[in-house]
Each structure stands twice: as C-alpha cells, then as structure tokens.
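Written below as structure tokens is the structure these notes are about.
What follows is calculated from the coordinates using simple rules that are stated; it is not laboratory data. From a predicted model like this one, the values you see are computed outputs, not experimental measurements. As a convention, Cβ positions derive from the backbone with ideal geometry for all residues, glycine included, and neighbour counts pool all protein chains shown.
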There are 2 protein chains.
Amino acid sequence: MEEAILNILKRNQLSVTGSRQRILELFLGQQGALAHGDIEKRTGEKFDRVTVYRTLQVFLNKGIIHTIPTTDNSIRYALCKDDCEAGHHHDNHVHFVCEQCENTVCLDEVTIPEISLPKGYEARQVEMIVTGICPACKR
Amino acid sequence: MEEAILNILKRNQLSVTGSRQRILELFLGQQGALAHGDIEKRTGEKFDRVTVYRTLQVFLNKGIIHTIPTTDNSIRYALCKDDCEAGHHHDNHVHFVCEQCENTVCLDEVTIPEISLPKGYEARQVEMIVTGICPACKR
DNA sequence: AATAAGATGCAACTTTGTTGCAAAATATTT
DNA sequence: AAATATTTTGCAACAAAGTTGCATCTTATT
C-alpha cells in the first residue's frame, strides 16, 4: 500500500509530499469514487483547501485519476486502473452510482457495448453511468 | 413556436410568464443542450439570476427538461422529447458532447443498449455520454 | 550541506448557488 | 371589468465552491 503510493508518484515523476500521499491513500483505501467534498472532509484538518484542488488537478493531468460525469453538480474522481496516458485515458468500464448510499463504484468487469452513431459523429470516449441500488443497500 | 411554448406551459399547469417563455424559446431555438451559464448569459439582461435558477428548477420538476451528466462542473439541460412524467423521465437516448465546439446534443435515434450488471446491482437509470467530434466540426 | 525546483498555506477574490421577503405580475372569482 | 387570491419575480444578503498571486516551506538535486 505504502509501496503502491510511492510507486504511482515515482512513475509519474511527482515529488512525494504529504498531501499527495494522503489523497492517494484515500483512493486506494476504497474502491469507489470520491467527490471533491469527500476528499476535502477527510483531509481538511491536515491540508489546505487549495492544496486539495491543486493536487487533484495534478493527478488528473498525469492520468492517475479520472472524473466521472454526474447529474448533480459534484465532480467525482476515481483512480484509473492501469495508468492512463496523461490527459487521454481509456477506461471503458461502467460506473455505478447508488441512489441510497450515494457511493460510486467502477464496475471494471462490465464493458461498455459498442454503439453506432449517426453519420458524421466520431466517438473518442464513451461514458456509461448506471444509477440504482447497490448490493450493500439492497437488503 | 409561440404556440408550442404556450402549449408546454399549459399542459404542465404553469402560469405563463416572461422568463418561462424566454427560456423555453432558447431551448426550442436550438437542438442542443444548454449549460446554466449559457441560459443566464442569454437572458441575463431581462431576468434576474435567481429567476433563472428557479425557472429551471420548475421545468425539471415538471419533467419538461432533464439534466445531462458532465465531467466539467457545469450542469447541462435539454428539453425532454415527449413530455416525461414529473421527476422520473425515461430518456434512454445517448448524449454527444463535441470536444471542439463544446456543444451537447441528444442523439434521440441512438438507444442505449442493455447491459447486464454483476449480481446484486439493480439498475434504475442508465446514462451514456459520448465525447468526440461532431459533424459540423469535422470539416 | 547548499542550492534549485517545486509544493503549500494564506489572503483576497470571483463565480455559483440558496433563502427570505416585499413588490409585481398572473390567474381566478365575483 | 374590477377585486381578490395565488404565484412569480427581483433584491439583498448570504453560503459554498473554485481560483490566483505571492511569500514560505519542503522536496529533490548537486
């Protein structure tokens, strides 16, 4: 774990700092996605709000995390599975958002099916978000 | 057009007011989606910021418009094709976001394919967002 | 250990979204 | 057509979310 964190930072030529370690730890510690607010809350005492913003920005640029589209106005971030190339990443898995617990998880085992677009449209990236009830909340 | 606007308002038991007419006019005047910012800009001189928020909220509740998930932090709204029932609407079409012109359109003719989720997950709503280049920007 | 490069915190600010309330506009009743 | 009831609007004030510049501290490099 500790190992993994350093690995990610080294691989992306990032200096290892407190906030970066802590935020990566959060991501590795759960398999869901994190809203900006979540991250801020769980690090708020140790790091400045601005630092959280900047750290996430760096991770995004490096392709360490990616954003998940939402209909409410909260960006959600999730770790990219294998390292995506900076900026453009190709995670073609489905995201599941639970209505009850609000958790977002990446369903890595479900692949997004191919679709054919109308003439003239060229797809670069496809996102699929399923909203519903997760196994944990079902009972 | 004028006709259509009044129709929508009447059908949803909404009193016809300036802002509601204007905002519906915006939606009908183009077939893409509008970010909140767009709407505000194009009505800003005539209506208060707060009124725009409240009008959109009303339209959402009535199922006249729906939100489109985005990765940037901007909510986008689009007209529902046939009137959806209040709150729950069933638009199972694909949304396309152009990387170049930033336009968002509803691809009504493309239906979201069925997918099978892992055990325990129950789907309520499925969203599909394709990012790429639109026909207009291609040449 | 000294230096250069990079990250952080603070303060100030902008932008976005929300709420209460009085005034104005719309719909309804007589 | 006027009077009343119901909604909607704008304003002001506020809360939350996001950004920027700069001095200070930390990390990496020599």
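Here's how it looks for residue A:65: its modeled amide H is under 5 Å from those of A:60, A:80, which are all 5 or more places away or on a different chain. Starting from the label point of residue A:112 at 7 Å along Cα→Cβ, the same points in the other copies fall at 1.2 nm, in ascending order. When chain B is treated as a GNM with alpha-carbon contacts under 10 Å, the residue of B:95, B:66, B:36 showing the greatest mean-square fluctuation is B:36.
With label points set 7 Å from Cα along Cα→Cβ, the inter-copy distances at residue A:2 are 7.6 nm, sorted shortest first. When B:74, B:15 are arranged by Cβ crowding within 10 Å, least crowded first, meaning fewest neighbours, the order is B:15, B:74.
Within the shell defined by Cβ-Cβ distances under 12 Å, the residues around residue B:17 carry a net charge of +4, with Lys and Arg each +1 and Asp and Glu each -1.
Size descriptors for chain A (Cα atoms only): Rg and Dmax, in that order, 16.0, 52 Å.
Across all Cα atoms of the range B:1-72, the radius of gyration (one decimal) and Dmax (whole number) stand at 11.8, 36 Å.
Structure remark: mean-square fluctuation, Gaussian network model of chain A, C-alpha springs under 10 Å; the largest value among A:38, A:72, A:48 belongs to A:72. Every pair of different Cα atoms in the protein assembly as shown enters the Kirkwood calculation, which places the hydrodynamic radius at 20.6 Å. Its DSSP H runs of at least 4 residues, each contributing -39,500 (n - 2.57), put the calculated 222 nm mean residue ellipticity of chain A at -9500 deg cm²/dmol, to the nearest 500. Arranged from fewest to most other beta-carbon atoms within 10 Å of their beta carbon, A:20, B:22 become B:22, A:20. When chain B is treated as a GNM with alpha-carbon contacts under 10 Å, the residue of B:120, B:18, B:63 showing the greatest mean-square fluctuation is B:120. With its label point put 7 Å out from Cα toward Cβ, residue B:14 sits 4.3 nm from the same residue's point in the other copies, in order from shortest.
Loop by DSSP (not H, G, I, E, B), at most 10 other beta-carbon atoms within 10 Å: where is the longest site-free stretch of chain A for GluC sites (Glu not before Pro)? Here the longest run is A:1-44. The rotation axis that maps chain B onto chain A passes nearest to the beta carbon of this chain B residue, listed with its distance in whole angstrom: B:69, 2. Report, to the nearest 10°, how far helix B:2-11 tilts away from the longest principal axis of the Cα atoms in chain B, using its own Cα long axis and a range of 0 to 90°. On a 0 to 90 degree scale, this one is about 80.
Projecting the Cα positions of B:100, B:78, B:17 onto the charge dipole of the range B:1-113 (unit charges on Cβ atoms of Lys, Arg, Asp and Glu, taken about the Cα centre) puts B:17 furthest along the positive direction.
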